[in-house]
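Asks: Let me begin by handing over the structure; questions about it come next.
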Amino acid sequence: WTYSAPSAECYKLLRDMPLVWTMTHQEDWGDCVQPDNALLGRAAASQLLECRPSELVAVIPEPGHLAFELRAQAFVRAGFEQKLATHILRWTSPRGPGDHLAPDPTSQVLPSLIRDWRPASRGPVGLLVPEDTYVGVVYQLLSEKGLIVGKDVHVAVCGTRPEKVMGLNPAPLRVDVDLEEVGRQSAKLLLWRLAHRHGRTRVVVLVKPRVP
């Protein structure tokens, strides 16, 4: 996976027109509709706490991904409030001078993080996967590590694609990002901005998650 940032010329054009960013981004200008990432993390923690884990762990498959970071931080904060051991698994390997692409989440980041991870306690672990794209790979890596999902590890996932968890046994606990509502609110906000294009106040809408 790769990402190319818009050019300076493109940014200049965007700044001069009504614009609504969708999903989580790092720009500090333009209106925005995005999932409430803090609520996503806390909702996932709330579900996992019912499994009585002794530790909460979040894994970040894409280094520097803002939404994943926000979800993970809220998740472990909820565990800390319950006096549980908490940890965030992050990719920390530095890039070499010739490394122009981000590390691949499925072939590099996740295998390295799961392989090197050692649970801090003997009890079951509550594990957050911040996007359901990666949950199948995480299940496979846990199995290869000798950990049984539903016994040694309970998994919660922030989801946008229900088909990604089909066939997983046991199914992970799931918190829905609610992309439909993100799209609806984005269209609504853009229509409002078209009618108020000279207003200088930036509008940010946070969409609450759904728990199926």
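The values are calculated or read from the model by the stated rules, or taken from the named source; none is laboratory data. Because the structure is a prediction, the values reported are computed rather than measured. As a convention, Cβ positions derive from the backbone with ideal geometry for all residues, glycine included, and neighbour counts pool all protein chains shown. These area figures cover heavy atoms from the full protein model, side chains too; ligands, DNA and RNA do not enter into them. Shrake-Rupley method; radii C 1.70, N 1.55, O 1.52, S 1.80 Å.
Asks: Which lysines does residue 208 reach when only Cα atoms under 29 Å apart count, and residues fewer than 8 places away in its own chain are ignored?
Replies: In chain and number order, the partners are 83, 164, 188.
Asks: So between residue 83 and residue 143, what do we pick up on full extension, going 0.36 nm a residue minus the alpha carbon distance?
Replies: Values: separation 60, 0.36 × 60 = 21.60 nm, distance 2.80 nm.
Using 0.36 nm per residue and subtracting the Cα-Cα distance, I get 18.8 nm.
Asks: When the chain is treated as a GNM, springs tying every alpha-carbon pair under 10 Å, which of 89, 189, 13 comes out with the largest mean-square fluctuation?
Replies: So, out of 89, 189, 13, the one fluctuating most is 13.
Asks: Still on this model: Within a Cβ distance under 13 Å of residue 194, other residues only, what is the Lys/Arg minus Asp/Glu net charge?
Replies: Values: positive: 188, 193, 197; negative: 31.
Computed value for this residue: +2.
Asks: Under a cut-off of 16 Å between alpha-carbon atoms, report the aspartates and glutamates in cross-link reach of residue 12, not counting same-chain residues fewer than 8 places apart.
Replies: 27, 28, 31
Asks: Also, I was wondering about something else. If exposed chymotrypsin sites (Phe, Trp or Tyr not before Pro) are those in a DSSP loop with at most 13 other Cβ within 10 Å, what is the longest stretch of the chain that has none?
Replies: Numbers: sites that count: 1, 3, 29.
Longest gap between qualifying sites, sites excluded: 30-212.
Asks: Starting from the Cα of residue 118, step 7 Å along the direction of its Cβ; do the same at residue 168; then give the gap between the two resulting points in nm.
Replies: 2.7 nm
Asks: What shape does the chain have by the C-alpha gyration tensor, where a ≥ b ≥ c are the square roots of the eigenvalues, rounded means a/c under 1.5, and otherwise prolate means a/b greater than b/c and oblate the rest? Each step should come with its number before you reach the end.
Replies: On the way: a/c = 2.29, a/b = 1.61, b/c = 1.42.
Since a/c reaches 1.5 and a/b is larger than b/c, the shape of the chain is classed as prolate.
Asks: On to the next question. Express in whole angstrom the spacing between the alpha-carbon centres of segment 113-180 and segment 5-55.
Replies: That distance is 22 Å.
Asks: Based on the alpha-carbon gyration tensor of segment 107-195 and its eigenvalue square roots a ≥ b ≥ c, which shape applies: rounded if a/c is under 1.5, prolate if not and a/b is larger than b/c, or oblate? Before the final figure, lay out the partial values.
Replies: Working: a/c = 2.86, a/b = 2.55, b/c = 1.12.
Prolate, since a/c reaches 1.5 and a/b exceeds b/c.
Asks: Using a simple spin-label model with points 7 Å from Cα along the Cα→Cβ vector, what separation in nm is obtained for residue 208 and residue 28?
Replies: 3.0 nm
Asks: If ligands, DNA and RNA are left out, what is the accessible area of residue 203 with a 1.4 Å probe, given in Å² to the nearest 10?
Replies: Counting only protein heavy atoms, residue 203 exposes about 40 Å² to solvent.
Asks: Compute the FRET efficiency between residue 151 and residue 184 as 1/(1 + (r/R0)^6), taking r as their Cβ-Cβ distance and R0 = 41 Å, and round to the nearest 0.05. Before the final figure, lay out each step's value.
Replies: On the way: r = 40 Å, r/R0 = 0.97.
Step by step, r from the Cβ atoms, then E = 0.55.
Asks: Under the rule a/c < 1.5 gives rounded, and otherwise a/b versus b/c splits prolate from oblate, where does segment 15-137 land using the Cα gyration tensor?
Replies: Working: a/c = 2.52, a/b = 1.29, b/c = 1.95.
Because a/c hits 1.5 or more and a/b fails to exceed b/c, segment 15-137 counts as oblate.
Asks: In degrees from 0 to 90, rounded to the nearest 10, what is the angle of the helix 66-81 Cα long axis to the longest principal axis of the chain?
Replies: In the chain, helix 66-81 runs at an angle near 50 degrees to the longest axis.
Asks: I've got another one for you. What FRET efficiency, computed as 1/(1 + (r/R0)^6) with R0 = 30 Å and r the Cβ-Cβ distance, is obtained for residue 12 and residue 90, rounded to the nearest 0.05?
Replies: Working: r = 34 Å, r/R0 = 1.13.
Step by step, r from the Cβ atoms, then E = 0.30.
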